[in-house]
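J.: Okay, here's the structure, questions in a sec.
The values are calculated or read from the model by the stated rules, or taken from the named source; none is laboratory data. Treat the numbers as computed from the prediction; the structure is a model and nothing was measured. Ideal geometry is used to build each Cβ from the backbone, glycine not excepted, and the neighbour counts take in all protein chains shown.
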Amino acid sequence: MNALGVDFSAPSALLFVTCATAEKASMIEASIGALDGLIPIFVLVAIVFTIPVLLWAKAKKLPMVPSVLWSISLAGALVVTLTPGGGGFVENHPVCYIGPSAQGVLSTVPGQLNVALFVPVSLFAVVAFRKPILALAGGAILTCGVELLQAVLPLGRSCSYSDIAANAMGVVAGVLLGTGWVWWRSRRPPITRRDSWQAAGLLGIGGSAMGAMFLFVVTPAYGGQEAVGATAAQGAWARQVAAEIYGDSVDVIQVQAREAIPGFPGRVDVTTAKGSLTLLWPDKKIQTMFANDNKDDGGSLTRSQVEATGLRFAQKWFPGEVKGSDSTLERLGGGEGPYILSYRRYANGVMMPMRLDITVSSAGRVMAINARSVPDPHLPEPKLDKSAAKRRAEELSGIKASDDAFVIAQELSGTWVPVWIVNLIRDGETEPSGAVVYLDAVTGMEVQRQE
């Protein structure tokens, strides 16, 4: 027996210590590649933490081994999360990013490491101090504090609410494991009234401070669609689509999901040995497809045969986009390359936001797809005709408007409106060279300008 009250000759106790140590070691090893000099920093911080904890544990007659393991685990967690790195976003004010859901976090190795990072900290806190509720409250404050520091300090790190959730899962898991261990060894629950009151006080003070900081100092923001593990349903459908596009023998290398965030639909990214796919989920539509072999096959199909091949493909995969649309077929490479079959839909002369472009080789192989599957929006009636739009563009820019002007449906501040795109011709030019004015076709106000 020792200060922990554990017979280390028992297989169960040996497994307990070995698993905790192995878990921490694997986490640190996974982080070394991202942070130079992590091990020396960890050793130094661990020594700095361990010496006062040892003295405190001896003075309070606390179990020495779990106290030391707690200090080492805490040092490791802080070193891994707060050592300056170079991967964070540079912002003018503190920002914390909204990431994937809990399910998405747990499907990735970084997310799993974030969970594992705080398991030993809370586990050894419970075993050393016998205060599981206080350990739970302290762990919650610690995880929020770490991300808060990443947001406000120039560490080259990014604050993430998903990381807070993952770290909190680790805290909960560690507290449950530690509570179960202590309960099993002592044959009585370690939760006491004093523990509960201390936890309540810590949460009242620390929680209020953290809440105020995240509410008034830190700005929540979406940082993009992070890749997470695909579900079984997503993986099965992705492989089915890849087989139909590239052939049954295609080797699917990777399938990753990206959860929907405001302004961006959920999608599934598929990497194969023959090319890549971006699929919309749960809409089950193809957004993009690119073949690794992007050279024309030198086939013998006629223009009409290529068009018929592209039409059959479009009708199978994009029936809603094809319906009511106008199609054009253009050959690339000076008449020697593949063809692009494009579909656009018009309503009252306004180009709708739907886009569909399919690249087909002269042998009938689909080489690329670029689709924007957007329902036709309801638009206000345009007030400006083409002549009025050209005059208005010239008034605003002082440059002559070309006859190359058309109107499209464009979303402005969440509302769809018709917008004129007027190409300009500068002095000395015979045709437009990139200068464009975008005009609200209802109000005549300038929406955007491209010089």
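J.: Tell me whether region 131-147 contains one or more residues that are part of a helix (DSSP H, G or I), in contact (Cβ under 8 Å) with a residue 40 or more places away in the chain and either touching a His at 6+ places or on another chain (Cβ under 7 Å) or farther than 30 Å from Lys60 by Cα (or both).
T.: Yes, because at least one residue in region 131-147 is part of a helix (DSSP H, G or I), in contact (Cβ under 8 Å) with a residue 40 or more places away in the chain and either touching a His at 6+ places or on another chain (Cβ under 7 Å) or farther than 30 Å from Lys60 by Cα (or both).
J.: In region 147-173, how many are β-branched (Val, Ile, Thr) and under 12 Å from Asn114 (Cα atoms)? Reasoning before the result, please.
T.: We begin by selecting, within region 147-173, every residue β-branched (Val, Ile, Thr); these are 152, 164, 171-172.
If we keep only those that are under 12 Å from Asn114 (Cα atoms) too, we end up with 164, 171.
Adding up the residues that qualify gives 2.
J.: Determine, yes or no, whether Ala168 is in contact (Cβ under 8 Å) with a residue 24 or more places away in the chain, closer than 12 Å to Ala135 by Cα and under 22 Å from the mean Cα position of the chain (by Cα).
T.: Numbers: in contact (Cβ under 8 Å) with a residue 24 or more places away in the chain: yes; closer than 12 Å to Ala135 by Cα: yes; under 22 Å from the mean Cα position of the chain (by Cα): yes.
Yes: the conditions hold for Ala168.
J.: Residues that are within 19 Å of Asp293 (Cα to Cα), at pLDDT below 95 and outside the structural domain of Val436 (by TED's automatic domain parsing): does region 346-360 have at least one?
T.: Residues of region 346-360 that are within 19 Å of Asp293 (Cα to Cα), as a first pass: 357-360.
Filter once more, keeping what is at pLDDT below 95: none.
No.
J.: For the subset of region 237-282 comprising residues that are out of contact with any Ser or Thr (no Cβ under 7 Å at 6 or more places or on another chain) and of a type in the set (Asp, Glu), which member is farthest from Pro220 (Cα to Cα)?
T.: So, considering only residues that are out of contact with any Ser or Thr (no Cβ under 7 Å at 6 or more places or on another chain) and of a type in the set (Asp, Glu), the one farthest from Pro220 (Cα to Cα) is Asp248.
J.: Restricting to region 198-225, give me the number of residues that are aromatic (Phe, Trp, Tyr), assigned to a helix (DSSP H, G or I) and either in contact (Cβ under 8 Å) with a residue 60 or more places away in the chain or within 24 Å of Pro120 (Cα to Cα) (or both). I'd like the intermediate steps shown before the answer.
T.: Let us first name the residues in region 198-225 that are aromatic (Phe, Trp, Tyr), namely 214, 216, 222.
Pick out the ones that are also assigned to a helix (DSSP H, G or I) and you get 214, 216.
From what is left, the residues that are either in contact (Cβ under 8 Å) with a residue 60 or more places away in the chain or within 24 Å of Pro120 (Cα to Cα) (or both) are 214.
Final tally of qualifying residues: 1.
J.: Here's another thing I want to ask about it. Can we say Gly266 is surrounded by fewer than 18 Cβ atoms within 10 Å (Cβ to Cβ), under 25 Å from Ile340 (Cα atoms), modelled with pLDDT of 90 or more and in contact with a Lys or Arg (Cβ under 9 Å, 6 or more places away or on another chain)?
T.: Working: surrounded by fewer than 18 Cβ atoms within 10 Å (Cβ to Cβ): yes; under 25 Å from Ile340 (Cα atoms): no; modelled with pLDDT of 90 or more: yes; in contact with a Lys or Arg (Cβ under 9 Å, 6 or more places away or on another chain): yes.
Against the criterion (surrounded by fewer than 18 Cβ atoms within 10 Å (Cβ to Cβ), under 25 Å from Ile340 (Cα atoms), modelled with pLDDT of 90 or more and in contact with a Lys or Arg (Cβ under 9 Å, 6 or more places away or on another chain)), Gly266 does not qualify.
J.: Let me ask another. Check Pro100 against each of (1) in contact (Cβ under 8 Å) with a residue 24 or more places away in the chain; (2) more than 30 Å from Val268 (Cβ to Cβ); (3) of a type outside the set (Phe, Trp, Tyr); (4) part of a loop (DSSP other than H, G, I, E, B) and name the one condition it does not meet.
T.: Pro100 satisfies all of (1) in contact (Cβ under 8 Å) with a residue 24 or more places away in the chain; (2) more than 30 Å from Val268 (Cβ to Cβ); (3) of a type outside the set (Phe, Trp, Tyr); (4) part of a loop (DSSP other than H, G, I, E, B) except (2).
J.: Out of everything in region 101-148 that is over 24 Å from the mean Cα position of the chain (by Cα) and among the small types (Gly, Ala, Ser), what residue ends up being surrounded by the most Cβ atoms within 10 Å (Cβ to Cβ)?
T.: Per the criteria, the residue is Ser122.
J.: Against the definition (among the hydroxyl-bearing types (Ser, Thr, Tyr), out of contact with any Gly (no Cβ under 7 Å at 6 or more places or on another chain), outside the structural domain of Ala257 (by TED's automatic domain parsing) and buried (at least 21 other Cβ atoms within 10 Å of the Cβ)), how does Thr192 come out, yes or no?
T.: So Thr192 fails the test.
J.: When the residues of region 292-306 are narrowed to those that are free of Cβ contacts under 8 Å to residues at least 60 places away in the same chain and not in a helix (DSSP H, G or I), which ends up nearest to Ser276 (Cα to Cα)?
T.: First, pick out the residues of region 292-306 that are free of Cβ contacts under 8 Å to residues at least 60 places away in the same chain: 292, 295, 302-306.
Within this subset, residues satisfying the condition of being not in a helix (DSSP H, G or I) are 292, 295, 302.
Working: Asn292: 8, Lys295: 16, Thr302: 28 Å.
Restricting to residues being free of Cβ contacts under 8 Å to residues at least 60 places away in the same chain and not in a helix (DSSP H, G or I), the top hit is Asn292.
J.: Considering Val175, Val228, Val182, which residue is β-branched (Val, Ile, Thr), over 30 Å from Ala260 (Cβ atoms), touching a Ser or Thr at 6+ places or on another chain (Cβ under 6 Å) and in contact (Cβ under 8 Å) with a residue 12 or more places away in the chain? Let's see the steps before the verdict.
T.: Numbers: Val228 fails: over 30 Å from Ala260 (Cβ atoms); Val182 fails: touching a Ser or Thr at 6+ places or on another chain (Cβ under 6 Å).
Within the list Val175, Val228, Val182, the selection yields Val175.
J.: Looking only at region 408-436, which residues are surrounded by 12 or more Cβ atoms within 10 Å (Cβ to Cβ) and either within 34 Å of the chain's Cα centre (by Cα) or at positive phi (or both)?
T.: Scanning region 408-436 gives Ile408, Ala409, Gln410, Glu411, Leu412, Trp416, Val417, Pro418, Val419, Ile421, Val436.
J.: Cβ-Cβ distance below 8 Å, separation of 6 or more or different chains: which pairs start in region 236-255 with a residue that is under 19 Å from Ser107 (Cα atoms) and end on one that is surrounded by 12 or more Cβ atoms within 10 Å (Cβ to Cβ) and among the acidic types (Asp, Glu)?
T.: Gln254/Asp269; Val255/Asp269
J.: Right, another one. Considering every residue within region 380-395, establish whether at least one is surrounded by 20 or more Cβ atoms within 10 Å (Cβ to Cβ), within 36 Å of the chain's Cα centre (by Cα) and not in a loop (DSSP other than H, G, I, E, B).
T.: Looking for residues that are surrounded by 20 or more Cβ atoms within 10 Å (Cβ to Cβ), within 36 Å of the chain's Cα centre (by Cα) and not in a loop (DSSP other than H, G, I, E, B), one finds none in region 380-395, hence no.
J.: Please work out which residue is nearest to Gln410 (Cα to Cα), limiting yourself to region 318-367 and to residues that are of a type in the set (Phe, Trp, Tyr) and either without any contact (Cβ under 8 Å) to a residue 24 or more places away in the chain or not in a strand (DSSP E or B) (or both).
T.: So in region 318-367, the residues of a type in the set (Phe, Trp, Tyr) come out as 318, 339, 343, 346.
Filter again for either without any contact (Cβ under 8 Å) to a residue 24 or more places away in the chain or not in a strand (DSSP E or B) (or both), leaving 318, 346.
Working: Phe318: 22, Tyr346: 13 Å.
Looking at the filtered set, the residue picked out is Tyr346.
J.: Follow-up. Please work out if Val241 is among the β-branched types (Val, Ile, Thr), within 25 Å of the chain's Cα centre (by Cα) and part of a strand (DSSP E or B).
T.: On the way: among the β-branched types (Val, Ile, Thr): yes; within 25 Å of the chain's Cα centre (by Cα): yes; part of a strand (DSSP E or B): no.
No; evaluated as a whole, the condition is false for this residue.
J.: In region 244-263, what residues are surrounded by 11 or more Cβ atoms within 10 Å (Cβ to Cβ) and in a loop (DSSP other than H, G, I, E, B)?
T.: Across region 244-263, the qualifying residues are Val250, Glu259, Ala260.
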